[in-house]
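The next block holds one structure in the form of structure tokens; read it before the comments.
The values are calculated or read from the model by the stated rules, or taken from the named source; none is laboratory data. Not measured: the values here are computed from a predicted model. FYI the Cβ positions are ideal-geometry reconstructions off the backbone, even for glycines, and counts take in every protein chain you see. To get the accessible areas, we keep the full protein, side chains included, count just its heavy atoms, and leave off ligands, DNA and RNA. Shrake-Rupley method; radii C 1.70, N 1.55, O 1.52, S 1.80 Å.
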Amino acid sequence: MKKVLLSSIVILIGITFIGRLSFLQVFSFSPNQILEDPAIKTLYDFPERGYIYDRNGELLVANQAAYDVMVIPRDVKPLDTLEFCNLVGLNKDKFLSNLKKAKVYSPRLPSVMVSQLSKEDYARLQEKMRKYAGFYIQKRSLRYYDTKGAANALGYISEVTPADLRKNPYYEQGELKGKTGVEKYYENILRGTKGVKYIQKDRFNRDIGPYKGGALDTLPKPGKEIYLTIDKKLQEYGEKLMKGKRGGIVALDPSSGEILSLISGPTYDPALLVGRERSANYNKLYYDSIAKPTWDRSLEAQESPGSPFKVINALIGLQENVITPKEKIRCYNGFYVGKKRTKRGCHCGGGLRDMNSGIYQSCNAYFAGTFKKIFDKYNKTDDAMDVWKKHVQSFGLGDYLGTDLPAGRRGRIPGKEYYDRIYGDNRWTWSYIVSISFGQGEVATTPIQLANMTAAIANKGFYYTPHILKKIEGKPITDPKYTQRKYTTIDRENFVPIIEGMQNVYNKKGGTAHWLGVPGINIAGKTGTVENFTRINGVRTQLTDHSMFIAFAPIENPKIALAIFIEHGYYGGRYAGHIASLMIEKYLKGEITRKDLEKKMLEKTLEKEYAKPYSGEPFIINEKSW
Amino acid sequence: MSSKTLLKRIDWLTVIIHFALVGIGWLGIYSSTLSEESYSIFDFSTYYGKQLFFICASFVPIIFIFATEANLFERFSSLIYVTSLLLLLGLFPFGKTIAGATSWYNLGFFNLQPSELVKVATALALAKYLSDIQTDVKKRKDQLYAFLIILAPIILIVLQPDPGSGIVFFALTFVLFREGLPLYYLAIGLIILLIFVATLKYGTIWVVIGISILTALFYLTKRASFKVSTIPIILFFITSILISISVKFVFDSVFEQHHRDRFSLWLRLEKDPKKLEKIRKTIGYNTYQSEKAIESGGAFGKGFLQGTRTKGDFVPEQHSDYIFTTIGEEWGFVGTATVVLLFSILLLRLIFIAERQKNPFSRIYGYGVISIIFVHYLINIGMVIGLLPTIGIPLPLMSYGGSNLLGFTLLLFIFLKLDANRLKEWD
């Protein structure tokens, strides 16, 4: 027993040691060693972010240098604090508290003392820098905007959040990342790939040379430059027109689905979200809960489309063979629905309407009649509803479009389930829901969906998913998502009478936009006037109508299709119609011939209208004068 | 005895393992102290240069040992022991203080640490005393004398103060067990240790409850088979509880703060994981860094001279007490397992050799050698891989240090000489 006691203990201890060692070295071993190793400092070399150009190669976004004043607290020698503070624009308290913070973080490692100096401050400071031991200047790259517009489309970049860091291990603390718009969607293309350098350190955190002689180091890959489909001139012009108005404008090239302009009003100068004042500016914009400048109305303003939606019902009527273009429906300055023959109003003036005049005079009665015929064709209301919904949805309405922009909103195209929920199963008929035939009531769309719908009409039956990226490094995009046609359920020939009606909106005397035509260009358009309500102190209150407009031109070979939504702009021919006319002329001709019209649009604002619900006093809506 | 027969009788396995460990150790020292500026391995201003010199120099005592008569060691053991105690005493007036401990004589080119040599002397003296025909370990008086031989150097070393080196001598009590000291001494020691640790970890109340239950169970099971006297059980019960109660006093008043920290780290006495992590990185810095360095080596290591934490000097005292971390980082599990195996084989081989001695002096001395090497190996590697609290003693044969190397070389080769001579005892 005594002879083997010690041997057994030796063997037992040997097994214990080997067990513990295998636990440490084999089971706890993490392959991510190099990043966790305190003896290796990882230095990143950040590539320049890719530039952004518009469709014509005009620069939109580039980079600019900013200068951070860094401090290594241990190396700081007594200095003329007053002079230093004056140079960098700090007060003494802030200077001392920053220095203290840096010291707490680490006396040996650099901390930011003053972030993002302007070029001017930098120039002044640099000459005196040698006097301030322990301080040095580090260059950083920030975005520079060569436009005052398109803030909503371009998006902005800012420091990664802890959530970003958890989601994507590529990012390091303090790195910049696209947060919205193009900067976010094409982040991977724009940012490039950072280079890595591994430095061997000692336990005092001093560098003692490259790790493994630099064998694992990589060079940064610069970000790629991208060309957007945006037309800088049109975008900036549209934003100028939107001054003082709220709403959204989306202009597409129907032949490709390219977004020519994506305008949301009110907007802001993208340069506000760069540099030292970034977060102050952002808060100011973000917390403006009335005008909501950071809310992209072109993608997210989900409203009833109003009369532009009528053309879809006309198309469905034709496709379902329940109506012919020549067939007439009488308008009694309105129409009667239901067993009680309730009268619903119409503003077209009354009389017999065919499809053509139904469209250009925007007759509610005509489309209510068409809607009835669609439902009469089927024995069951449910079947008719399904058919109707299928046709509407084929225009890209009622769901996310799948653009390369923030997702926006789905919009709403109600179906039988929706109405069953409201009225009960089989307890509703077409007359309950007739409002949707002229785009009021339960239907809702966003401006980009309307623009896409217009493009589908312009193309006589197909569209390309709207997108904002045109080229990467000069190579056109090939993603089939954006280059393949999506067909509607309507036959090509059925578009002809519809487009004729839309053309007559401009050309016929009674057309709802007949005074807004552009000389020398054939435009097809459709006005919309959308009733809307809000709650003021809990009371449902009607506000001035939204002004809607869709149009495309030229009819023979459509180059631009647009949808315009102006909050509380009253009838469609007012603000939205004017802006549509100007935008089309600007894009197709390059300049505006009707200077008075342009001047009027540039000067008129709706601020008074927007102030009404907040005034606390009674107000009148839909004022005649403007 | 001709030199030819001597060479045949030397246990070459032990010699090979000895030099393998010394060699691996030197590579570790080279890697952990190599700096950009120095080039030659014979540069005596560097640790690895000095250690290489010590390794070469260790051949002098080896040859000397083999050249002398084997029975000289037995004959002069008392003299050697007394001289070594005098050397320890001499430290108080003449010693050199490094890091707070007056443990060295300054010999100009080299600092001699006599406590390393006293291990040899004590092992010899203990062997001499126990092998005496008149000594009987079963007798209390003889036990006391044996303990005093062990205790004298401990007291002198702890006073330096170098408690780590002092503790090592307790290992020599193993020798007494081999020579017939009843095992219940060991059991009592282990129980006291267990009660101490358990009280720290779980508190007096739980330990008292535990002891009560165990004692009751013991009594009940034993009573069923045969009659037992209750007095020893009651005595044991009361002493255990007294020990458990006194633990808090010892821990708070006798221990110093850094001892308390080491225990609280080892036993994870801090419950809050954040605070524990902080303790690991501050008080437990050494252990934290050494564990991390070993862990980062993985299965196959980063390669010789490629250890980033070694190069970055993250592990303190890496060339001496923490030499094992260099092996762990650069050679991985393969390296550390090899070292553990080498030590295990060495110890088992030495036990085998000791058991084949006919002369009790040789056997007892052998057990002294084994105990001392084993305790160094156990405490050092246990500490480095985080199984035991931090006690600063070197890893035999591998850690940097001339006295350390000299001490273990003497210990081992005197034993090998005795072994080589075993058949010629009566010549």
Find how many whole Å separate the alpha carbon centroid of region B:69-128 from the alpha carbon centroid of region A:351-419. 104
Going toward the positive end of the dipole of the protein assembly as shown, with +1 on Lys and Arg Cβ and -1 on Asp and Glu Cβ, which of A:THR342, A:THR403, B:THR204 do you reach last? A:THR342
Mind grabbing the accessible area of A:PHE533 for me, 1.4 Å probe, Å², rounded to tens? 90
Return the whole-Å distance between the Cα centroid of region B:135-195 and the Cα centroid of region A:74-128. 64
Gaussian network model of chain B, springs between alpha carbon atoms under 10 Å - residue of B:THR14, B:THR230, B:THR33 with greatest fluctuation: B:THR230
Between A:TYR144 and residues 5 or more places away or on another chain, which pairs have amide H atoms under 5 Å apart, with H built 1.01 Å from N, and which residues are they? A:ALA62, A:ASN63, A:GLN64
Cβ charges +1 (Lys, Arg) and -1 (Asp, Glu), total dipole of chain B, debye: 1260
For B:TYR30, B:TYR202, write out the residues from largest to smallest accessible area, computed with a 1.4 angstrom probe and no ligands counted. B:TYR202, B:TYR30
Over the protein assembly as shown, the sum of -39500 (n - 2.57) across DSSP H runs of at least four, divided by residue number and rounded to 500 deg cm²/dmol, gives at 222 nm -15000 deg cm²/dmol
Taking placed amide H atoms and a strict 5 Å upper bound, the residues 5 or more places from A:ILE208 or on another chain that come that close are A:GLN200, A:LYS201, A:ASP202
What's the local net charge at B:ASP142, with K and R +1, D and E -1, over the other residues with C-beta under 11 Å away? +1
Tell me the carbon and sulfur percent of the accessible area for region B:1-149, rounded to whole percent, probe radius 1.4 Å. 68
Let me cross-check A:TYR487: its accessible surface, 1.4 Å probe, with only protein heavy atoms counted, in Å² to the nearest 10? 140
With the other protein chains left in place, how much accessible area per residue, in square angstrom, belongs to region A:516-564 at a 1.4 angstrom probe? 36
Sorted list, accessible surface of protein heavy atoms, 1.4 Å probe, largest first, for A:LYS197, A:LYS380, A:LYS326, A:LYS460 is A:LYS326, A:LYS380, A:LYS197, A:LYS460
I'd like the interface area for chains B and A: accessible area of each alone minus the complex, both sides summed, 1.4 Å probe, protein heavy atoms only. What is it in Å² to the nearest 100? 3400
Provide the net charge surrounding A:GLY181, with neighbours chosen by a C-beta distance below 11 Å and charges set as Lys +1, Arg +1, Asp -1, Glu -1. -2
Checked region B:76-225 with the C-alpha gyration tensor, a ≥ b ≥ c its square-rooted eigenvalues, rounded below a/c of 1.5, otherwise prolate if a/b is larger than b/c and oblate if not; verdict oblate
Per-residue average of Cβ from other chains inside 10 Å of B:381-394: 2
Gyration tensor (alpha-carbon) shape descriptor, the protein assembly as shown, a/c threshold 1.5: prolate
What residues in region A:159-201 lose 40 Å² or more of accessible surface when the other protein chains are added to their chain alone (1.4 Å probe)? A:GLN200
On the protein heavy atoms, probe 1.4 angstrom, tell me the percent of accessible surface of chain A carried by carbon and sulfur. 51
Using a 1.4 angstrom probe and counting only protein chains, how large is the accessible area of A:THR446 in Å², to 10? 0
I'd like the orientation of helix A:364-377 relative to chain A: the angle between its Cα long axis and the longest Cα principal axis, in ° from 0 to 90, rounded to 10. 90
About the Cα centre of region B:90-190, how large is the charge dipole given +1 on each Lys and Arg Cβ and -1 on each Asp and Glu Cβ? Please answer in debye to the nearest 20. 140
Just the number please: accessible area per residue for region B:24-161, 1.4 Å probe, all protein chains included, in Å². 53
I'd like the distance separating the alpha-carbon centroids of region A:296-310 and region A:573-591, in whole Å. 19
Give me the net charge of A:ASN356's neighbourhood, meaning all other residues with Cβ under 14 Å from the Cβ of A:ASN356; Lys, Arg count +1, Asp, Glu -1. +4
GNM of chain B, Cα pairs under 10 angstrom: of B:ALA123, B:ALA224, B:ALA187, the biggest fluctuation goes to B:ALA224
Kyte-Doolittle mean at least 1.6, axial Cα span of 27 Å or more - DSSP H helices of chain B: B:183-202, B:230-249
Residues of region B:200-240: accessible area per residue with a 1.4 Å probe, Å²: 76
Can you check what the Kirkwood hydrodynamic radius comes to for chain B, Cα pairs only, in Å to one decimal? 23.6
Taking the Cα centre of region B:177-320 as origin, work out the dipole magnitude from +1 charges on Lys and Arg Cβ and -1 charges on Asp and Glu Cβ, in debye rounded to 20. 360
If the label point sits 7 Å along Cα→Cβ of A:GLN138, residues of region A:150-176 with amide N under 12 Å come out as A:173-175
I'd like the isolated cysteines in the protein assembly as shown, meaning no second cysteine's beta-carbon lies under 4.7 angstrom from theirs. A:CYS85, A:CYS331, A:CYS346, B:CYS56
Shape of region A:361-491, Cα gyration tensor, a/c cut at 1.5: prolate
Across the residues of B:343-352, average count of Cβ atoms on other protein chains within 10 Å? 4
All aspartates and glutamates inside 19 Å of A:LYS179 as judged from Cα atoms, apart from same-chain residues fewer than 8 positions distant: A:GLU48, A:GLU159, A:ASP164, A:GLU187, A:GLU225, A:ASP269, A:GLU277, A:ASP296, A:GLU300, A:ASP404
Counting only protein chains, not ligands or nucleic acids, how are A:ARG297, A:ARG427, A:ARG344, A:ARG594 ordered by accessible area (probe 1.4 Å), most first? A:ARG427, A:ARG344, A:ARG594, A:ARG297
Farthest towards the positive end of the dipole of chain A, among A:ILE584, A:SER362, A:MET548 and with Cβ unit charges of +1 on Lys and Arg and -1 on Asp and Glu, lies the Cα of A:MET548
